[in-house]
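Everything on this sheet refers to the single structure shown next.
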Amino acid sequence: MIHSPRRIPAIAWEAGAKITVNLVLLAFALGAIAKLVPYQRSQLQKLHALEAEVGQLEARVKELQLKQERDRQPQARQRIAQEEANLIAANQRRIIWVHPKNPQ
């Protein structure tokens, strides 16, 4: 395609305008990315903190569920009384182990 000499400056101006518009759009895109990267990093830090807390809470929930299941057993009432109030049944005796002072 052969262009006339009058048409070449118009094509150059059009190409220059397109390049300028694209450079402006590129600058805005880079500016937006520059603002989004720190925000994304802070959100990732918050996410990791929340995931760690969720893990701790899941472990605590599991522990509490095990304790609740253990306390629902029929023999649990006596065992709970022994653990919390340091009580023993009438047919049991407390044994205290003592190390001798002078081993021979």
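Measuring nothing but protein heavy atoms, the accessible surface of the chain at 1.4 Å probe radius is 61 percent carbon and sulfur.
Principal-axis analysis of the Cα atoms of the chain puts helix 76-85 at an angle of about 90° to the longest axis. So I have (1) 53, 42, 21; (2) 117, 44, 24; (3) 118, 36, 22, and one of them is Cα extents along the principal axes in Å calculated from this model. Which one is it? After the calculation, the listed value that fits is (2). Taking every protein chain into account, the accessible area of the chain amounts to 102 square angstrom per residue (probe 1.4 Å).
The values are calculated or read from the model by the stated rules, or taken from the named source; none is laboratory data. All of these numbers come straight from a predicted model, not from anything done at the bench. To get the accessible areas, we keep the full protein, side chains included, count just its heavy atoms, and leave off ligands, DNA and RNA. Shrake-Rupley method; radii C 1.70, N 1.55, O 1.52, S 1.80 Å.
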